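Read through the structure below, which is laid out as structure tokens, and then see the notes.
What follows is calculated from the coordinates using simple rules that are stated; it is not laboratory data. Nothing here was measured: the structure is a model prediction, and the numbers come from that model. Quick reminder, even Gly has a Cβ in these numbers, built from the backbone with ideal geometry, and neighbours come from all protein chains shown.
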Amino acid sequence: MTNKVIVALDFETRADAMALVDALGAEAIAYKVGLQMLTEEGPSIVKSLVAMGKQVFLDLKVHEIPNSVAGAVAAAGKLGAHMVTVHASGGSAVLRSAVNAAKPYPQLRVLALTVITSLADQDLPEIGLAPSVSQQVERLARLAAGAGCHGVVASVQEAALLTTILPSGSLIVTPGIHLPTTAQNDQSRTASPADAANAGATHIVIGRAVTRAADPRAAFTEAARAFS
């Protein structure tokens, strides 16, 4: 049993999501509920997972004014979520409001999203940032740490750097995780579960490599092996 491997429930229906949860069984205890599933099914999917004893990574990617961010984080805590994401680029006031809003919910960890994994160095000038991704991730990670966030979301490529600059015990959650058989998709900065573990990631988020596998349980077991 592991909570280091977070399976992304990026499905169109609750039935499909819960079928996967059932197929993975007791070994998989952590799941990501992102924008697609939350919009399709609403917060009831989170409540159902929590009631089953699962840990929910609520990937809201909140990027709003501090008051709105605080409200969203508090709502995540009320649902029983274990992790919630806030864009670090919202600034220190936003991050501090998220951390303060999470305090009444001891299980809830605020993760600062640094740079989404679909962006590479050459994409940054388009949104007004200078390359490189690693420098931007470092800047935002330091901001998040200073605001009291429990950890960050970043690609495996930045994980090793983050272990040297974040406080001890910080969470480093890495999406963009693929198995050797995974087809290419819209993420630019990807890696294997072993790459992530070796780089210092505390958790990985894996989606299609498990959810679209011929044998999802075997794919999950392969990913979890990196943290055993």
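When Cα Rg over 2.2 N^0.38 Å is calculated directly from the model, which label among [x] 1.19; [y] 0.95; [z] 1.36 fits?
[y]
Compute the relative contact order of the stretch 2-227 as a whole-number percentage, counting only Cα pairs closer than 8 Å that sit 6 or more residues apart in sequence.
19
Taking 0.36 nm per intervening residue step and subtracting the Cα-Cα distance, what contour gain separates A120 from N100 on full extension?
4.0 nm
At 7 Å along the Cα-to-beta-carbon direction for both L35 and R212, put a label point, then send me their distance in nm to one decimal.
Inter-label distance under the simple model: 1.9 nm.
So how strong a dipole does the chain carry about its Cα centre when Lys and Arg Cβ are +1 and Asp and Glu Cβ are -1, to the nearest 20 debye?
740
Between A130 and I65, take the C-beta separation as r, use R0 = 25 Å, and let me know the FRET efficiency to the nearest 0.05.
Values: r = 26 Å, r/R0 = 1.04.
Step by step, r from the Cβ atoms, then E = 0.45.
Charges only on Cβ, +1 for Lys and Arg, -1 for Asp and Glu: so what's the dipole of the stretch 12-85 about the Cα centre, in debye to the nearest 20?
Details: 6 positive and 8 negative charges, 57 e Å.
For this selection, approximately 280 debye.
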